[in-house]
Number of protein chains: 2
Amino acid sequence: MSSDLTARARIRDAAIELFAERGIDGATIRDIAQQADVSSGLLRHHFGSKEGLRDACDEWALNELTKISGQFTEFNTLDGLTPRVQLLQRYLIRSTMDGSPTGAAMFDRMLIFGHQWLATTNLKIADPEAFVAVLAVMKMSLFTMRDLLSRALGSDVTEPATWARMLQATLDLFSQPLITEEQALQAQAALDRLIAGEEAS
Amino acid sequence: MSSDLTARARIRDAAIELFAERGIDGATIRDIAQQADVSSGLLRHHFGSKEGLRDACDEWALNELTKISGQFTEFNTLDGLTPRVQLLQRYLIRSTMDGSPTGAAMFDRMLIFGHQWLATTNLKIADPEAFVAVLAVMKMSLFTMRDLLSRALGSDVTEPATWARMLQATLDLFSQPLITEEQALQAQAALDRLIAGEEAS
DNA sequence: CCCTCGACTACACACGCGTGTAGTAACCTA
DNA sequence: TAGGTTACTACACGCGTGTGTAGTCGAGGG
């Protein structure tokens with residue numbers, strides 16, 4: 001993000017930062033231009049419109065991310081430790097939630113990788129679609145709710161050390177059952193009852 | 001949400017629906033007033049400002065939710081099945097992510113309940129704060145990423161049947177380890193290496 | 001009957017937004 | 001050196017926003 005870059009690149013970097021921070025609608029053209037140290041007209045000159053800028057950011061972030069680590073979409077990955085990679089992921093997920101088609105495509109890719117991963121295990125899942133989707137969404141939540149997590153942990157999760165704490169937590173979460181077998185059976189029975197009641201009505 | 005309510009109540013209901021749907025900034029005073037079938041001035045008359053309306057919605061949603069089910073903040077709960085409860089939860093979480101203090105308080109309560117739950121188990125967690133925070137955030141993600149989930153499942157998660165599929169998935173997720181012991185040890189070693197490398201630098 | 005007060009509306013204001021336009025400086029090519 | 005394309009800026013426009021203000025309607029109490 002240093003200033004010896006092209007103006008176009010500076011605008012792109014500033015946009016990714018502010019879009020990730022405040023959301024697509026929350027970040028204004030003028031703020032982005034100011035952060036990039038250019039006029040707002042130049043932004044328009046290079047990217048045509050705010051939508052054009054967002055598209056360019058989507059494409060660039062996705063390319064950059066796959067370039068850095070092809071494992072981005074896999075589960076239990078330990079990358080994303082560097083602030084830069086974290087920012088790119090955070091931007092892309094934010095853009096996804098604000099209705100970007102590129103983001104939706106990324107999510108679909110995460111689902112595909114999820115299914116591939118599931119196939120390598122010998123887990124018996126009755127509803128793989130739901131299982132993989134829930135897992136993908138939960139992984140994304142570590143980025144979308146960054147502020148809440150930072151507040152709860154008392155330190156910004158952008159800090160590699162804090163991020164490592166979260167990775168440790170997810171590892172704990174995925175490496176052991178959280179509820180006992182009896183609890184699971186009990187919950188399953190309750191759920192079955194609910195589903196049956198729903199179908200009956 | 002029928003129209004035989006007080007105008008004030010109709011405004012509140014409309015606000016919760018539109019705030020949850022489009023976010024706090026995304027929903028305009030005029031849209032809310034129109035949905036409630038009143039003038040935008042009446043909204044101001046009753047709630048003072050948009051911020052006042054949001055505060056009123058926060059408080060009302062939290063009260064209503066704790067009234068309906070005191071288990072709201074617990075883990076692995078099977079409630080939230082009715083569209084009404086789901087809407088209230090979705091609104092509150094949305095408001096939380098848009099910086100509401102009431103929402104932050106709710107999140108803190110979720111953390112407390114999380115720690116209480118953790119104490120009843122005999123799980124050995126090195127970093128309970130991080131573990132509980134990650135768990136809370138992941139649970140919330142089922143609401144924040146509703147659109148993505150609906151798209152992946154091919155049906156709106158507000159449908160009780162679809163919601164039940166997600167509950168089933170979370171039950172599957174929490175009742176068994178997702179990775180083998182060897183994989184866990186391997187990941188742990190990699191994580192330890194990363195942490196050590198971080199401290200060294 | 002009148003007076004008051006709360007529910008409710010219509011309308012105007014200031015502001016910030018994305019966008020459009022005109023113009024300037026720099027640089028490359030012939 | 002002349003001409004044209006590109007990088008870049010300053011500034012104005014229209015629109016939607018939250019907010020402010022004046023006024024209407026109707027019920028309740030002296």
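The values are calculated or read from the model by the stated rules, or taken from the named source; none is laboratory data. Remember, predicted model here, so these are calculated numbers, not experimental data. Here the Cβ positions follow ideal geometry from the backbone for every residue, glycine too, while neighbour counts run over all protein chains shown. Keep in mind that these areas ignore ligands, DNA and RNA; they rest on the heavy atoms of the full protein, side chains included. Shrake-Rupley method; radii C 1.70, N 1.55, O 1.52, S 1.80 Å.
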- Note on the structure: Helix B:83-97 sits off the longest principal axis of the Cα atoms of chain B, rounded to the nearest 10 on a 0 to 90 degree scale, by 80 degrees
- Theoretical ellipticity at 222 nm over chain A - DSSP helices of four or more residues, -39500 (n - 2.57) apiece, nearest 500: -24000 deg cm²/dmol
- Item | Of all accessible heavy-atom area on the range B:62-200, the percent that carbon and sulfur account for (1.4 Å) | 55 percent
- Rg/Rh ratio calculated on Cα atoms of the protein assembly as shown (Kirkwood radius): 0.97
- Message: Can you give me the C-alpha center-to-center distance between the range A:104-155 and the range A:8-32, rounded to a whole angstrom?
- Response: 26 Å
- Note on the structure: Stokes-Einstein D for chain A (20 °C, 1.002 mPa s, Kirkwood Rh from Cα pairs), in µm²/s, comes to 112 µm²/s
- Starting at 0 and stepping by 10 Å, how many percent of the alpha carbon pairs of the range A:80-120 end up in each bin? 30, 39, 30, 1
- Query: Once Lys and Arg get +1 and Asp and Glu get -1 on their Cβ, which of B:Gly197, B:Phe143, B:Thr158 lies farthest toward the positive end of the dipole of the range B:93-201?
  - Reply: B:Thr158
- Just need the relative contact order of chain A here, percent rounded to a whole number, with Cα pairs under 8 Å and 6+ apart. 17 percent
- Note on the structure: For the A:Asn122, B:Glu21 Cβ pair and Förster radius 51 Å, calculated FRET efficiency rounded to 0.05 is 0.80
- In nm to one decimal, list the spacings between the A:Ala126 label point and its equivalents in the other copies, with label points set 7 Å along Cα to Cβ, shortest first. 3.6
- Note on the structure: Once the in-chain neighbours fewer than 8 apart are removed, the lysines whose Cα is under 27 Å from B:Lys124 read A:Lys124, A:Lys139, B:Lys139
- For A:178-188, mean number of other protein chain Cβ atoms within 10 Å: 5
- Mean per-residue count of partner chain Cβ within 10 Å for B:146-155 equals 5
- Charge dipole magnitude, Cβ of K and R +1, D and E -1 - the range B:62-200, Cα centre, debye nearest 20: 540 debye
- Query: Protein chains only, probe 1.4 Å: how do A:Ile24, B:Ile195 rank by accessible area, largest first?
  - Reply: B:Ile195, A:Ile24
- Task: Divide, for the range B:110-201, the radius of gyration over alpha carbons by 2.2 N^0.38 Å, where N is the residue count.
- Result: 1.38
